[in-house]
Amino acid sequence: MQNGCGLTDGVRFDQSNVPYSSGFDLSCGMAAALYWYEAEVDRLAREHLGTGLARINHLGSYACRNINGATAGRRSQHATANAIDISGLVLLMDGRSVSVLADWDRRVRRMPGSFTPLHKRACGLFNTVLGPEYNALHADHFHLDMGRLRACQIGQSIRAGTLGFRPSMAASAEAALSSGTLPA
Ligand SMILES: [Zn+2]
């Protein structure tokens, strides 16, 4: 760890059950959650899109940077590889790609093939889950992290600071969510 960046305990995530667009480093907590999540994404793709996963596309895990890429302020969860940005999926049957950028549409989020089931399931496994509805910086990916704040926003439905976290943290998570200052 140097200057708030780095990885003390972690794993290289490059030989999991589902292939990724490239290998990456992750904190142990993230690796465990992602291992469960990829099986769930595969299951949900079969259920909602009729085929399993050939690949999960991502935009990276570790990056020594601050929240929202700002020049000042606190470090992002990416600075300790405690986060990953998922940008889309490649489907097994026909090699079709679905991407958050091209296929996310808040108007059709209840339709089959939407990203909502994936988003919802992520909220049960990761502490913070952010998508296009959080801010413009997340227009092309889902941010998943295992930071101390628990926050999940799907449309108007917002959950913050639940499940065994101190009540005071619910308030900080909610405040950070609404002001766009979660460590993403
Ligand atoms: Zn992110």
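No lab work stands behind these numbers, since they all come straight from the coordinates. Since the structure is predicted, the reported quantities are computational estimates derived from the model, not experimental observations. Positions of Cβ are generated from backbone atoms using ideal geometry, with glycine treated the same way; all protein chains shown enter the neighbour counts.
Remarks
- Taking the listed residues ALA33, ALA81, the one that is within 16 Å of the ligand (Cβ to nearest atom), in contact (Cβ under 8 Å) with a residue 12 or more places away in the chain, at positive phi and crowded, with 17+ Cβ neighbours inside 10 Å is ALA81, with no other qualifying.
- Top-ranked residue of segment 82-102 - restricted to ones that are among the polar types (S, T, N, Q) and touching a Ser or Thr at 6+ places or on another chain (Cβ under 8 Å), ranked as farthest from VAL129 (Cα to Cα): SER99
- Every pair of residues 6+ apart whose Cβ atoms lie under 8 Å, when the first sits in segment 50-61 and is hydroxyl-bearing (Ser, Thr, Tyr) while the second is buried (at least 16 other Cβ atoms within 10 Å of the Cβ) and part of a strand (DSSP E or B): THR51/LEU91; SER61/PHE13; SER61/PHE24; SER61/ASP25; SER61/LEU26; SER61/ALA83; SER61/ILE84; SER61/ASP85
- Selected residue (criterion: surrounded by the most Cβ atoms within 10 Å (Cβ to Cβ)) from residues of segment 15-30 that are of a type in the set (Ser, Thr, Tyr) and under 15 Å from ILE86 (Cβ atoms): TYR20
- Counted residues, segment 20-60 - those being outside any strand (DSSP E or B) and under 17 Å from the mean Cα position of the chain (by Cα): 20
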